[in-house]
Amino acid sequence: MRTALIYSDKYLEHNPGLGHPERPERLKAIVSGLKRFNLWNTQEIKVVEPYPAKLEDIKLVHDPEYISLVEKLSAMERPIDGDTPAKKNTFELALLAAGGAITAGNLVMSGGAKNAFALVRPPGHHACRSHGGGFCYFNNIAIMIERLKLDFKLKRIFVLDFDAHHGNGTQEIFYADPSVLYMSLHQHPLTLYPGTGFPDEIGEGEGIGLKVNVPMEPGSGDIEYWAAMKEIFIPLCEKFKPDFFAVSAGFDAHFDDPLTGLHLSTKAYGWLASAVIEQAEKWCGGKAVFLLEGGYDLEALASGAVYVVRAMQGEKFTPPEEKTRLKVIEEVKKALAEKWSL
């Protein structure tokens with residue numbers, strides 16, 4: 001088995017309510033798309049049922065008081081915030097989403113799969129240590145990383161977040177952590193939730209220079225994203241030499257997404273994933289886990305996920321040939337200059 005897809009029908013039970021963008025149909029569309037392209041339960045792609053995270057796993061990342069609050073709000077069906085409602089089963093399903101991430105990481109690190117895509121709901125990258133929001137309750141990717149660090153002694157984890165919204169929770173959790181290089185490509189924080197992710201947010205303490213933010217102006221698309229990957233992501237991989245890659249895979253930077261103003265093509269998700277897989281092959285035997293975050297146009301979401309899985313299977317996708325000089329790239333390089341020469 002080369003690729004594991006972590007999935008449970010129980011994820012469809014997470015229903016924030018009528019009209020909410022983070023709806024069960026998102027995952028149904030992805031599964032339907034993967035099946036249509038014969039990327040579901042084949043000789044090389046296995047679908048794996050996740051197990052729920054334990055409370056001790058969640059406590060690796062979140063404050064105990066916050067965990068208790070999520071459980072209580074779920075029982076009372078009271079929202080975390082205006083965008084993040086809680087239902088009777090929210091706490092249980094948030095544990096299962098975090099567990100899906102851990103399941104994916106364990107499979108890859110133990111050699112059960114070369115790479116994995118955790119098709120989990122609810123998403124996680126906006127969940128901070130002591131509060132949630134932005135459709136997120138627990139930070140799935142951070143919980144997976146902390147669990148893997150304990151169980152497999154990982155020393156250098158590269159997190160790439162290409163969701164259109166900045167992963168403020170993931171950044172906050174690892175802000176002073178020198179073992180995690182967090183790089184985010186997102187719509188400019190002055191134009192989109194959560195309002196964080198400026199180039200000068202580079203970490204603190206031992207984590208300085210290991211938090212990398214590339215905010216994209218509305219209207220940015222393939223050319224701009226590839227410039228950031230070529231000029232920042234690949235050189236950082238060369239210098240950091242990761243022993244594991246984790247990707248917050250949001251599909252809401254697509255030009256059809258109703259919540260954002262970015263213009264990525266569908267094929268862009270193929271070469272974004274290909275770039276990760278190529279670097280993972282180079283530095284850590286291909287060890288890479290993708291975790292589902294956002295993406296709210298169903299067709300774009302499904303097609304983007306298909307491209308990612310095709311790249312995980314080894315298919316190569318060519319980035320745009322056009323070149324551009326982006327002011328933000330120079331700003332990022334300047335902000336990181338003390339730590340890295342890019």
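The values are calculated or read from the model by the stated rules, or taken from the named source; none is laboratory data. On a predicted model such as this, the values are computed, not experimentally measured, just so you know. Methodologically, a virtual Cβ is constructed for each residue, glycine included, from the backbone with ideal geometry; neighbour enumeration extends over all protein chains shown.
Residues that are assigned to a loop (DSSP other than H, G, I, E, B) and either at pLDDT 95 or above or under 18 Å from TYR182 (Cα atoms) (or both): does the range 299-310 have at least one? Checking the range 299-310: not a single residue is assigned to a loop (DSSP other than H, G, I, E, B) and either at pLDDT 95 or above or under 18 Å from TYR182 (Cα atoms) (or both).
If you check ASP200, ASP257, ASP252 for being more than 19 Å from the chain's Cα centre (by Cα), touching a residue at least 40 places away in the same chain (Cβ under 8 Å) and not in a helix (DSSP H, G or I), only one passes: ASP200. Scanning the range 87-109 for residues that are assigned to a loop (DSSP other than H, G, I, E, B) and touching a residue at least 40 places away in the same chain (Cβ under 8 Å) yields a total of 2. Take the residues in the range 292-328 that are touching a strand residue (DSSP E or B) at 6+ places or on another chain (Cβ under 7 Å) and hydrophobic (A, V, I, L, M, F, W, C), then tell me which one is nearest to PHE37 (Cα to Cα). Only one residue tops the list, namely VAL309.
Taking the conditions (1) more than 15 Å from SER184 (Cβ to Cβ); (2) surrounded by fewer than 24 Cβ atoms within 10 Å (Cβ to Cβ) in turn, HIS254 satisfies each one other than (2).
Every residue, every condition in (1) crowded, with 18+ Cβ neighbours inside 10 Å; (2) touching a residue at least 12 places away in the same chain (Cβ under 8 Å); (3) of a type outside the set (A, V, I, L, M); (4) in contact with a strand residue (DSSP E or B) (Cβ under 7 Å, 6 or more places away or on another chain), yes or no:
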position: ILE208; (1), (2), (3), (4): no, yes, no, no
position: MET216; (1), (2), (3), (4): yes, yes, no, yes
position: ILE223; (1), (2), (3), (4): no, yes, no, no
position: PHE233; (1), (2), (3), (4): yes, yes, yes, yes
position: SER248; (1), (2), (3), (4): yes, yes, yes, yes
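Surrounded by 21 or more Cβ atoms within 10 Å (Cβ to Cβ), farther than 23 Å from VAL276 by Cβ and either touching a Phe, Trp or Tyr at 6+ places or on another chain (Cβ under 7 Å) or touching a residue at least 24 places away in the same chain (Cβ under 8 Å) (or both) - does that describe any residue in the range 152-162? The answer is no, given that none of the residues of the range 152-162 is surrounded by 21 or more Cβ atoms within 10 Å (Cβ to Cβ), farther than 23 Å from VAL276 by Cβ and either touching a Phe, Trp or Tyr at 6+ places or on another chain (Cβ under 7 Å) or touching a residue at least 24 places away in the same chain (Cβ under 8 Å) (or both).
Here is the figure for the range 272-310: residues that are crowded, with 23+ Cβ neighbours inside 10 Å, touching a helix residue (DSSP H, G or I) at 6+ places or on another chain (Cβ under 8 Å) and among the charged types (D, E, K, R) total 1. Taken over the range 1-48, the criterion of being in contact with a Pro (Cβ under 6 Å, 6 or more places away or on another chain), in a loop (DSSP other than H, G, I, E, B) and either under 27 Å from GLY111 (Cβ atoms) or of a type in the set (Lys, Arg) (or both) is satisfied by SER8 alone.
What is the residue count in the range 163-180 for residues that are outside any loop (DSSP other than H, G, I, E, B) and crowded, with 24+ Cβ neighbours inside 10 Å? Give the steps one after another, and end with the answer.
The first filter runs over the range 163-180 and keeps only residues outside any loop (DSSP other than H, G, I, E, B), leaving 168-173, 180.
If we keep only those that are crowded, with 24+ Cβ neighbours inside 10 Å too, we end up with 168-171, 173, 180.
Result for the range 163-180: 6.
State yes or no: is ALA98 closer than 29 Å to GLN43 by Cα and out of contact with any strand residue (DSSP E or B) (no Cβ under 6 Å at 6 or more places or on another chain)? Quick ask: steps written out before the conclusion?
On the way: closer than 29 Å to GLN43 by Cα: yes; out of contact with any strand residue (DSSP E or B) (no Cβ under 6 Å at 6 or more places or on another chain): yes.
The answer is yes for ALA98.
Do the conditions hold for ALA113, that is, is it surrounded by 24 or more Cβ atoms within 10 Å (Cβ to Cβ) and either out of contact with any helix residue (DSSP H, G or I) (no Cβ under 8 Å at 6 or more places or on another chain) or farther than 21 Å from LEU301 by Cα (or both)? Taking the combined requirement at face value, the residue satisfies it.
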